[in-house]
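The values are calculated or read from the model by the stated rules, or taken from the named source; none is laboratory data. No experiment lies behind these values; they were computed from the predicted model shown. Every residue, glycine among them, receives a Cβ derived from its backbone with ideal geometry; neighbour counts consider all protein chains shown. For accessibility, only protein heavy atoms count, side chains too; no ligands or nucleic acids. Shrake-Rupley method; radii C 1.70, N 1.55, O 1.52, S 1.80 Å.
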Amino acid sequence: MPTAMRSKGFIAIALLPALLLFLIFVIIPVFWSAYYGFFSWKGFGDATFIGLDNYIEMFKDPIFWRALRNNLILVVSSIIGQVPIALILAIVLFKNSFFSRFIRSAVFMPMVLSTVVVGLIWGYIYHPQFGIANYVLEMLGLESWTRAWLSDPKVNMLAISIPINWANIGPYLVIFIAALQNISPEIHDAAKIDGSTGWNKLMQITLPMIWSTVVVTIVLCISGSLKAFDHVIVMTGGGPAQSTELLATYMYNSTFSVYRYGYGSAVSTMIMIVSAILIALNYFATRRKPS
């Protein structure tokens, strides 16, 4: 048997256990959940087939549309906030100096904290009476800007998006630094000889060579924003008056608070469909023509 065939066979056998686990614990539950979306079921007893009634009820529910709008706000804020900041920090902190390593560790620190801790920290920062946010605004003479950041429906989603972005920049920073390290030093030398520096080098050489990484980070932003759950639960619980409800919290409340497992399965299926649509749009929007 040729060496290439033996190598491919070994790779297939090595990947088989992981693929089986992924199939059992991810793929099958996804289809199982989609299946129960067509039933009226309380989590116990017999399930009654109701066709598309769960989906029709979901589309008529204004809370579902509010949760979808809030999730889209998080998606946009994540793509605008996390990816550019992580990329800029990666370019600035690319050198392996003590200062760069220290800043990288500081940026990555929120990622190792529990999301409950992050939510509690920012809950105190936004506190209307003794929070740092309002205190700083008062110190700057901007008393008119102070408010109850997590209770005001006009700004509470923006306020929630800030700690989510803050906590997730670190992993993207590491991904971008790894991508930058894969660019050959000879390419940088050739660019320097050709007089390409600064912004021109970034746009003409660096960014095109790590573009596939940028696309992957955007996909991760989309999927991560659509499954956001714990930060909101800790800081607002989806309130007040469900103004910070997300699709994940909406699904959780529908499933485990009122015991409508069939309806919750329909919502979780819709989250996957929305995620797939956004990732497909991202694919077409970021597709680059071969030069």
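Some observations on this one:
- A DSSP coil position with no more than 11 other Cβ atoms inside 10 Å describes the following trypsin sites (Lys or Arg not before Pro) in region 194-291: ARG287, ARG288.
- Separation of the VAL174 and GLU57 label points, Cα + 7 Å toward Cβ, nm: 4.2 nm
- Pairs with C-alpha atoms separated by more than 26 Å, drawn from the list LYS95/LYS201; LYS42/LYS227; LYS154/LYS227; LYS60/LYS227; LYS42/LYS154, are LYS42/LYS154.
- When nucleic acids and ligands are ignored and a 1.4 Å probe is applied, TYR283 ends up with an accessible area of around 130 Å².
- Residues ASP230, ASP61, ASP46 ordered from highest to lowest accessible area at a 1.4 Å probe: ASP46, ASP230, ASP61.
- Between region 218-291 and region 43-110, the alpha-carbon center distance in angstrom: 8 Å
- Amide H partners (placed H, <5 Å) of PHE39, local residues excluded: ILE50
- Label point of ILE103 set 7 angstrom out along Cα-Cβ; within region 150-175, amide nitrogens under 20 Å from it belong to 165-175.
- Note, ³J(HN,Hα) from phi for region 148-164, Karplus 6.51, -1.76, 1.60, rounded to Hz, x at Gly and Pro: 7, 4, 8, 10, 7, x, 6, 10, 5, 5, 5, 5, 6, 5, 5, x, 5
- In a fully extended conformation the segment linking SER212 and ALA285 would gain 25.0 nm over its present Cα-Cα distance, using 0.36 nm per residue.
- Considered as an equivalent ellipsoid built on the Cα gyration tensor, region 45-199 has semi-axes of 39, 27, 16 Å, the largest given first.
- Most to least accessible of TRP122, TRP145, TRP199 (protein chains only, probe 1.4 Å): TRP199, TRP145, TRP122
- In sequence order, calculated HN-Hα J values of region 221-237 (Karplus, 6.51, -1.76, 1.60; Hz; x Gly/Pro): 4, 5, 5, x, 5, 6, 9, 4, 8, 5, 4, 5, 4, 6, 7, 10, x
- The share of C-alpha pairs in the chain whose separation exceeds 25 Å stands at 62 percent.
- Region 52-112 has equivalent-ellipsoid semi-axes of 42, 11, 8 Å, by the square roots of 5 times the alpha carbon gyration tensor eigenvalues, sorted largest first.
- Where labels lie 7 Å past Cα in the beta-carbon direction, separation of GLU143 and LEU20 in nm: 7.0 nm
- Region 20-70 shape via C-alpha gyration tensor axes, a/c threshold 1.5: oblate
- Of GLY264, GLY195, GLY239, the one that fluctuates the most in a GNM where the chain has Cα springs shorter than 10 Å: GLY195
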